[in-house]
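What follows draws every value from the coordinates through simple rules; no lab data is involved. Note that the structure is a prediction, hence the values are computed from the model and not measured. When we count neighbours, we look across all protein chains shown, and the Cβ atoms used for this are built from the backbone with ideal geometry, even at glycine.
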Amino acid sequence: PNGAEIWLASGSNPSVTYCDIQGVWPGSTNIHADPLYVDYWHEFYDLQWGSPCINVGDPALNDPDGTRSDMGALYHYLGITDISMMPVNPPINVPAGGYFNFNGILQNLTAQSQTTTVWIKLNVPGYGIYGPIMQFNNIPIAAYDTLFAMNVRQDIPSFAPLGTYTYIAYCGTYPSSIIDSCYFGFDVTAPIGGSANDWNVSKWFEGNEGIMENAPSSYALGDNYPNPFNAQTNIIMDIPKAGEARLEVYNLLGQKVATLIDGNIEAGHHTISWDANEYSSGIYFYKLTVGEQVFTKRMTLLK
């Protein structure tokens, strides 16, 4: 939206802290950034994976998952495993008989290898919850690893009722235990006579097709996100083979302030979180050491 979103009554003097406000509200704990809602077109205001509002709320409060509170009314779950979906080219308006695409992300947030099941259900207009339309059992995921699936295709059968749907993904143990879930909305419009005749899902956990969890070919240290950040950020690194690795954080004086990894790590694409709540604003450097190879990058903490 453009223009003013908050109006103050004459003589009022509100105190606003730990909020994400367009245009920035005075105060060192407030930010001005895209909150990365799941799907604001359908008024789904949960936070996506990677949102700058995650773990930067009031430090005196914890979310139900035990982590520091998030900004906003709806928190992003951070537990054993985390599942996220991001629609491609939203908002999604798709004819019956057509298809849409989304990117899927499955994370292991622990120091141990995990096995999880992923399944998808629909909230169908005029019917309710339907499914699972897709279920993949016993997916292995290494410690601190992230599995990316780009351009997953969801077919919309020609018989699909018209209207607004909710697309819901779960991970855990089907059907008794849900560890995490995520969702977004889509609209089915008039049919086009396409070839889709069922709720088929392709390129997600199908013989590794479309999934980028295979071991990378070389060591790499990616850019952290978000950056600048307050007060938690994520560091991406590629490990082509299992072995000893060390990931450390230094301040501008060259003093080591945190050790995030120091020991054996499995091959794969890894995402490591750093909670800098106890550190002051400024420039920091994160350094990955594997054997004789050293990689260093810079990040900015703003509180």
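Okay, here's what the table says:
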{"item": "All positions within the stretch 273-303 that are out of contact with any Leu (no Cβ under 9 Å at 6 or more places or on another chain) and either farther than 17 Å from L221 by Cβ or surrounded by fewer than 16 Cβ atoms within 10 Å (Cβ to Cβ) (or both)", "result": "D275, N277, E278, G291, E292, Q293, R298, T300, L301, L302, K303"}
{"item": "Selection from the stretch 71-107 of residues that are assigned to a loop (DSSP other than H, G, I, E, B) and in contact with a Leu (Cβ under 9 Å, 6 or more places away or on another chain)", "result": "M71, G72, L74, Y75, H76, L78, G79, I80, A96"}
{"item": "Conditions (1) surrounded by fewer than 20 Cβ atoms within 10 Å (Cβ to Cβ); (2) within 23 Å of Y165 (Cα to Cα); (3) out of contact with any Leu (no Cβ under 7 Å at 6 or more places or on another chain); (4) hydrophobic (A, V, I, L, M, F, W, C): number failed by I120", "result": "(1)"}
{"item": "Residue check for V152: touching a Lys or Arg at 6+ places or on another chain (Cβ under 7 Å), surrounded by 14 or more Cβ atoms within 10 Å (Cβ to Cβ), in a strand (DSSP E or B) and in contact (Cβ under 8 Å) with a residue 24 or more places away in the chain", "result": "yes"}
{"item": "Residue that is nearest to G57 (Cα to Cα) [pool: residues in the stretch 69-120 that are hydrophobic (A, V, I, L, M, F, W, C) and under 12 Å from the mean Cα position of the chain (by Cα)]", "result": "L78"}
{"item": "Considering residues of the stretch 13-52 that are surrounded by 15 or more Cβ atoms within 10 Å (Cβ to Cβ) and aliphatic (A, V, I, L, M) only, the residue farthest from N224 (Cα to Cα)", "result": "I21"}
